[in-house]
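Novice: Here it is: the structure, laid out below.
Read-outs throughout are calculated quantities, based only on the coordinates presented, and are distinct from any laboratory measurement. Since this is a predicted model, take the numbers as computed values, not measurements. Cβ placement follows ideal geometry from the backbone for every residue including glycine, while neighbour counts extend to all protein chains displayed.
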Amino acid sequence: MKMLAKVWEFTKAPVYKRLDHVPNPLKIKIVLSLLQWGIIMGVTVGIFNQWLIGLLKIDLGEHAIDKFLENYSIVPLFFMAVIFAPAVEEILFRGPLIWFKNKKYFKFILYASVLLFAAVHMTNFEMSREVYYIAPLLVAPQLILGVFLGYIRVKLGLGWSICLHAMYNGVLITPILLYNFLNFPLP
């Protein structure tokens, strides 16, 4: 809970101030703590979303992961989700934060990076009027993760935010890939 309180305080008044004096074992502990909270919060929001979508009878269409599973094998999909996407997204969304570190409007740039990160993940869904209505709920896990990644980027550095992002994606996608691998009919 202390970690969430620190992230909350940072989010309310973000300042680009690194924790360079922190030893690597403590950095790992911080990253793993936010990974744990990100998974807990993301899965909780996901379960709530599934309940609400069922209750409202909303058809989200085919998810991007389903489309990837139809067209690619498990290894390229794992590489894309756990290595390529985290590196590219962190470089695009949180890498530029350093350019604004001494600006009085830094917090707005950070907030924009979180919102853009979440908005890009709307492309995982087939767009319809119903999807637009519940868009904030659908991307709530990415909003939460975006805040955590922004915190790690500022406090520990870009490499650490890439690691957190990769671990988050890995924890979430590995069961899906294993399920598909184990249920794939062999010739």
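Novice: What is the angle, in °, between the Cα long axis of helix 158-182 and the longest principal axis of the Cα atoms in the chain? Nearest 10 is fine, range 0 to 90.
Specialist: 20
Novice: Okay, moving on. Sum -39500 (n - 2.57) across every DSSP H segment of at least 4 residues in the chain, then divide by the residue count to get the 222 nm mean residue ellipticity, nearest 500.
Specialist: -22500 deg cm²/dmol
Novice: By how many nm would the segment from Lys103 to Leu55 grow when fully extended, if each residue of separation counts as 0.36 nm and the alpha-carbon distance is taken off?
Specialist: Extending this stretch completely gives an extra 12.7 nm.
Novice: Still on this structure, I have one more. Can you classify the stretch 78-187 as rounded, prolate or oblate using the Cα gyration tensor, where a ≥ b ≥ c are the square roots of its eigenvalues, rounded means a/c under 1.5, and otherwise it's prolate if a/b beats b/c and oblate if not?
Specialist: oblate
Novice: Further, regarding this structure: So which of Lys27/Lys104; Lys103/Lys155; Lys29/Lys104; Lys2/Lys155 end up more than 24 Å apart by C-alpha?
Specialist: Pairs exceeding 24 Å: Lys27/Lys104; Lys29/Lys104.
Novice: Taking a point 7 angstrom from the Cα of Lys6 along the C-beta vector, which residues in the stretch 24-43 have backbone N less than 15 Å away?
Specialist: From the stretch 24-43, the list is 24-38.
Novice: Then there is this: Got a sec to turn the phi values of the stretch 54-60 into Karplus ³J(HN,Hα) couplings, 6.51 cos²θ - 1.76 cosθ + 1.60 with θ = phi - 60°, whole Hz, x for Gly and Pro?
Specialist: x, 4, 8, 6, 8, 9, 7
Novice: Here's a follow-up. Suppose a student asked you for the relative contact order of the chain, using Cα pairs under 8 Å spaced at least 6 residues apart; what percent would you report?
Specialist: For the chain, the relative contact order is 38 percent.
Novice: Additional query: Mean 1/r over all different Cα pairs, inverted: what Kirkwood radius does the stretch 1-80 give, in Å?
Specialist: Result for the stretch 1-80, one decimal place: 16.4 Å.
Novice: Gain in length, Asn180 to Ile91, computed as 0.36 nm per residue apart minus the alpha-carbon separation, to one decimal in nm?
Specialist: The span from Asn180 to Ile91 would gain 29.0 nm if fully extended.
Novice: Of Pro23, Pro136, Pro76, which is the most mobile in a GNM of the chain whose springs link Cα atoms less than 10 angstrom apart?
Specialist: Of Pro23, Pro136, Pro76, the most mobile in the Gaussian network model is Pro23.
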